[in-house]
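Structure, as structure tokens:
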Amino acid sequence: MSATTVAAPTGQPPDAIAVDFESLAKRVDDAMAALESLDESARAVADEVKAAVEAIHRAGLVTIVQRMRADEAARAVLFDLVDDPVVHLLLSLHEIVRPDPMTHANRVLVTVRPQLQSHGGDVTLVRIEDGIAFVRLDGACNGCSMSSVTLRNLVESALVEDVPSITGVEVLPNEPSPTLIPLESLRIGPDPASEGWVKVGPAASLPNDELTALSLSAQSGQQAEIIVVNAGQRLSAYRNECAHQGLPLDNAVLDIDNGTLTCPWHGFCYDATSGECLTAPGAQLEQMPLRVDSGEVWVRVGT
């Protein structure tokens, strides 16, 4: 058998060999495509040859890795080699090195992320402990009544099935992000109407433990559709739009015992007194400045 020498490119050391991996990959793809045109028996022979060659390569690579790991001086070289993307890919293809669980899990999430994003949501992997993947759901899920449904269907099954070290998934709550109303906007001057305040009426006229939908017009001409929630005589005003799709909340369900307000359209649930969305963490009802002055309720809809 004659030896074949690959010359080093000009300007590089003699032991440097330029490898066009794209061309090699294309050769492999072309060969695999050609196998499809063979009859079944010929394909079986070709597959057996491929498996045998891969087994020889893997056995040789395993021996190299084991010998280098056993030698203190060679171990440092081995670790440097594994950091090389091409070498790492080669060893990964032969399952000699495996990605750490976080890397593996994130690669799996890449495959389901487009489906989540198509529904207005996303998932972030926070950590993995004792076989449990802790994730955080971001955004909202279009048409879903509960964010956990999307998580369980698209994420949990993928992680548990494709990452051997993961046995379950836990959802971490997002940090609440309530609407902050500047103190200045709550002050009522001598002429409230000129400052965008609109008198709603006596506080006693707002039914306790109910919500009231109102159409308000400021002196400046600005208009706003709002709801006023009276939860145990604690009043909160919000723009009459669900944070999910902007649909009205006139017929939302106010649960006084749980302190929640649930959209009648797709079941998105909110904290009745803060407007924080409990279904899709990070979403929020737009809170309107509300004051009770001398028994009269005022809501600011303009500036």
Practice item. Tell me which residues, restricted to segment 235-274, are closer than 11 Å to residue 211 by Cα and assigned to a strand (DSSP E or B). Key: 235, 236, 237, 238, 253, 254, 255, 261
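Rundown of residues vs (1) within 36 Å of the chain's Cα centre (by Cα); (2) surrounded by 13 or more Cβ atoms within 10 Å (Cβ to Cβ); (3) at positive phi, yes/no style:
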| site | (1), (2), (3) |
| --- | --- |
| 60 | no, no, no |
| 68 | no, yes, no |
| 102 | yes, yes, no |
| 108 | yes, yes, no |
Exercise for review: From the list 56, 17, 64, pick out the single residue that is of a type outside the set (Lys, Arg) and at pLDDT below 85.
Suggested key: 17
Check your understanding: Is there a residue in segment 275-285 that is assigned to a loop (DSSP other than H, G, I, E, B), hydroxyl-bearing (Ser, Thr, Tyr), assigned by TED's automatic domain parsing to the domain that holds residue 199 and buried (at least 18 other Cβ atoms within 10 Å of the Cβ)?
Key -> yes
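For (1) under 30 Å from the mean Cα position of the chain (by Cα); (2) modelled with pLDDT of 85 or more, each residue gets a yes or a no:
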{"residue": "240", "(1), (2)": "yes, yes"}
{"residue": "272", "(1), (2)": "yes, yes"}
{"residue": "283", "(1), (2)": "yes, no"}
{"residue": "297", "(1), (2)": "no, yes"}
Study note, to complete from the structure: Taking segment 149-187 and the residues there that are in contact with an Asp or Glu (Cβ under 6 Å, 6 or more places away or on another chain) and at pLDDT below 80, the one that is farthest from residue 297 (Cα to Cα) would be 176
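Out of all the residues in segment 224-249, which are farther than 20 Å from residue 280 by Cα, in contact (Cβ under 8 Å) with a residue 24 or more places away in the chain and surrounded by 13 or more Cβ atoms within 10 Å (Cβ to Cβ)?
Result: 224, 226, 227, 228, 229, 230, 231, 235, 236, 237.
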Check your understanding: Pick from segment 250-270 the residues that are crowded, with 22+ Cβ neighbours inside 10 Å and among the aromatic types (Phe, Trp, Tyr): which of them is nearest to the chain's Cα centre (by Cα)?
Key -> 268
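The values are calculated or read from the model by the stated rules, or taken from the named source; none is laboratory data. From a predicted model like this one, the values you see are computed outputs, not experimental measurements. Heads up, the Cβs are rebuilt from the backbone with ideal geometry, glycines too, and the neighbour counts pull from every protein chain shown.
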